[in-house]
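What follows is a set of notes on a single structure, which appears directly below.
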Amino acid sequence: AARVAAQRSMVLLRNEGGLLPLSEAQQNIAVIGPLADSMEATEGSWMVFGHKSAAVTVLEGIRARLPEATITYAPGPQIHRQFPHPFGEFNLTEKKPIQTPEDAEAAFQTALETAQGADLVIMVLGENADMSGEFASRGSLDLPGRQEELLKAITALDKPVVLVLLNGRPLSINWAAENVPAILEAWEPGTEGGHAVADV
């Protein structure tokens, strides 16, 4: 039921040239983005305090759906809140050390190289779980961090790009809406979210 509910909640915003649904003939796929393998972002912000996330991530869902394909993955630079979340002590998201600028740049370049070696790129971008919900206002509706910069750089590689958005509020994606051929708004799809994204 969770999987079906997640499928039905998603919105296909753009699908130029019939890029979606992907063909099973797609055998070399790069999955890129800081949320692609994040259980917290997939499950979303409305979690019981102290709950440990157990969601199927988008990366896991795609690998399960296409077991014969070569799936490569690179997260790119981290994203994080500029200011601490008031509920931070309740561990809404897994706490990770913030990347240094040097580490973030290395992660950016690794993501570009990973995308360069693929036939098709699925980018999973949006918001961490602690960026929406109660007391989680943001000063901008743009993609946080360097996500749009990474999206532009990978789109410039002239490969088919599918953008999957994980977020709890509307986001400003004006550039993507004009330049990325396929965009799926998956919201915060919950525990079966990764399977549902792969199904769609």
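Details
- In straight-distance terms, cross-link reach from Lys96 covers every one of the aspartates and glutamates whose alpha-carbon lies under 16 Å from its own, apart from those fewer than eight places away in the same chain; here that gives Asp37, Glu40, Glu127, Asp130.
- Among Gly133, Gly168, Gly17, residue whose mean-square fluctuation peaks in a GNM of the chain (springs only between Cα atoms under 10 Å): Gly17
- Here the sum of -39500 (n - 2.57) over DSSP H runs of 4 or more residues, divided by the residues of the chain, equals -8000 deg cm²/dmol at 222 nm, to the nearest 500.
- Size of the stretch 101-145 as Cα extents on the principal axes (Å, biggest first): 41, 26, 16
- Within-10-Å neighbourhood charge of Asn174 [Cβ basis; K, R +1; D, E -1]: -3
- In percent, rounded to a whole number, the relative contact order of the stretch 116-200 is 33, using alpha-carbon pairs under 8 Å and six or more apart.
- Mean Cα-pair separation over length for the chain, i.e. relative contact order, pairs under 8 Å, 6 or more apart, %: 38
- In loop segments of the stretch 27-86 as defined by DSSP, the chymotrypsin sites (Phe, Trp or Tyr not before Pro) with at most 16 further C-beta atoms inside 10 Å of their C-beta are Trp46, Phe49.
- Net +/- balance of residues flanking Ser132 in space, Cβ distance below 13 Å, scoring K and R +1, D and E -1: -3
- By the equivalent-ellipsoid construction on the alpha carbon gyration tensor, the chain comes out with semi-axes of 25, 20, 16 Å, ordered largest to smallest.
- The chain: most fluctuating residue of Glu102, Glu188, Glu43 per GNM, C-alpha cutoff 10 Å: Glu102
- Separation of the Thr72 and Val4 label points, Cα + 7 Å toward Cβ, nm: 3.9
- Loop-located trypsin sites (Lys or Arg not before Pro) in the stretch 127-159 whose Cβ has at most 15 other Cβ within 10 Å (DSSP): Arg138
- Near Gly194, once Lys and Arg are set to +1 and Asp and Glu to -1 for all other residues with Cβ below 11 Å from its Cβ, the sum equals -2.
We did not get these values from a lab; they are worked out from the coordinates using the rules stated. Note that this is a predicted model, so its numbers are computed, not measured. Neighbour counts run over all protein chains shown; Cβ positions are idealised from the backbone, glycine included.
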